[in-house]
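Below: one structure, written as structure tokens.
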Amino acid sequence: MNWDEFAAWGAKAADWGKEYHQNLRDRPVRSQAKLNDTLNALPKTAPEDAETMADIMADFENIVMPGITHWQHPRFFAYFPSNAAPASILAEFLTSIVAPQCMLWQTSPAATEMEIRMMQWLRQGIGLPDTFSGVIQDSASSATLAAVLVMRERAVNWESNVKGLSHFAPLRIYCSDQVHTSIDRAIWVAGIGQDNLVKIPTSGPMKAMDSAALQAAIDADRAAGYLPAGIIAATGATGMGACDNLNEIADISEREGLYTHLDAAWAGTAMICPEFRTMWEGVERFDSVVFNPHKWLGAQFDCAAHFLRDPDALRQTLAIRPEYLRTHGTEDVTDFSEWSVPLGRRFRALKLWFVMRNYGMEGLRSRIRNHIKWSHALCNRLRQHDDFEIITNPILSLWTFRMKGAGDVDSLNQKLVDAINDDGEIYITQTFVDGQKVIRFQAGQFDCEERDFDAAYDAITRIAAKFS
Ligand code: PLP
């Protein structure tokens, strides 16, 4: 492909994107492909001779698109959103064209300095004090891994990178029984071991960690010769949106000298609206906070905002400075590769710049507020319906419900979820709450409208009627 052809196909791709997005409501939200449909449609070996872009694009439509689940569909109510606002798509397009690798300041000063400034904009946006510095990680999982590595190093006087862990008492890290599996995985990868991740029971409507039980676990561990290293809290955990009481946890961590990390991967975006910040009161006392603009803010995957009260602790844990990575003459530059596990870095700040400028913070706030308002209204409509019960009330735009029935109600609800997703009008998922299977509803697709919530009500009640 030469650059003239690139320009022509680039324009066609933009037109295709406009058509795709404007007609998304006509497509089933979850892919209706069967297992191996795509695999079987793809030749077993790569072509020896060049093929035309026209053929490749035709196959993209015919082979790939049927196997795509439409995360940008306005009636995507499953998991958490993974939005791609048009301004963000354009920024990513430009980034792919220039394709810089931004590991060091000198490998693209604009990328580093844009990242510093965008993290300041975001920090102000979500109301964190200016004592926090920010870095963009690829995912919340990576930010949590980085935080766990800091907990590990700090607890053993910065010696485990060199000596390994066998010289020290087993470390202990504490979290609630509601946290995302990225916390478990970070513990595995850091070599701490699942048995040393202590899951504290939760209670109340927010399913917050029981702080008396947390303190008791730390005391018991110290008495038994373990080495407590850190606490990981959640604001808006994945299942039903559990939120820990951050001040209670900070009281304990400050007393015990433990490093604290907050996983607000989904809910963090809503903190751009000041009225929701009561959910994470005390956040300024945490050492590390992550949220994903790639979920609800409109900056497409991947983009995880990681804020730190003391970036030196992270650098002390992760920085390696061989001669070939040094920037001579400017010793005080920020090299963000020292703040993250991978060395190589994409230019992720550009899409934040495009999104925050093109929508304005007020434009972004009004979207979040609408999603929450419409989601609450749908919850209340289903609450009035005889066939359903609300199991957990909305936390921001996330709530869970269940179809009533006799006999195996878990199976009934799974069948309902499957039937709804096979129908394609909307997409939802299931989870367990207190041991019972429930249906999980969240709203946050960037372009959804009130009519999409009416469509959700109609789809749920229409399909459930077949089971009653
Ligand atoms: N934390 C929470 C609460 C999540 O819901 C998720 C994913 O949905 C993650 C962490 C992991 O996010 P990522 O895919 O950015 O690693």
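Read-outs throughout are calculated quantities, based only on the coordinates presented, and are distinct from any laboratory measurement. Keep in mind it's a predicted model, so treat the numbers as computed, not measured. All Cβ positions, glycine included, derive from the backbone under ideal geometry; neighbour counts span all protein chains shown.
Summary table below
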item: The chain, helix-only ellipticity at 222 nm - DSSP H runs n ≥ 4, -39,500 (n - 2.57), divided by all residues, nearest 500; result: -13000 deg cm²/dmol
item: Cα-Cα P(r), the chain, percent of pairs per 20 Å interval; result: 22, 52, 25, 1
item: Proximal lysines relative to residue 44, as straight alpha-carbon distance under 23 Å, when same-chain residues fewer than 8 apart are discounted; result: 34
item: For the range 101-346: relative contact order, % (alpha-carbon pairs under 8 angstrom, 6 or more apart); result: 27
item: The range 119-173 and the range 267-299: distance between their alpha carbon centers, rounded to Å; result: 17
item: Contact order normalised by residue count of the range 1-124, Cα under 8 Å, 6+ apart, percent; result: 23
item: Cα-derived Rg to Rh of the range 60-186, Kirkwood definition; result: 1.04
item: Segments 81-88, 167-174, 460-467 sorted - mean Cβ within 10 Å per residue, highest first; result: 81-88, 167-174, 460-467
item: Restricting the range 1-93 to chymotrypsin sites (Phe, Trp or Tyr not before Pro) in coil, as DSSP defines it, with at most 12 other Cβ within 10 Å; result: none
item: Given the chain, longest segment not containing exposed loop GluC sites (Glu not before Pro) (DSSP; at most 15 other Cβ within 10 Å); result: 160-280
item: Descending principal axes extents, the range 175-223, alpha-carbon based, whole Å; result: 31, 29, 10
item: Gyration tensor (Cα) of the range 101-346, equivalent ellipsoid semi-axes in angstrom; result: 28, 23, 14
item: For 199, 351, 34, order by how many other beta-carbon atoms lie within 10 Å, fewest first; result: 34, 199, 351
item: Residue-count net charge about residue 129 - beta-carbon cut-off 11 Å; Lys, Arg +1, Asp, Glu -1; result: +1
item: Average projection area in nm² (convex hull over Cα atoms of the range 355-468, one quarter of hull surface); result: 7.4
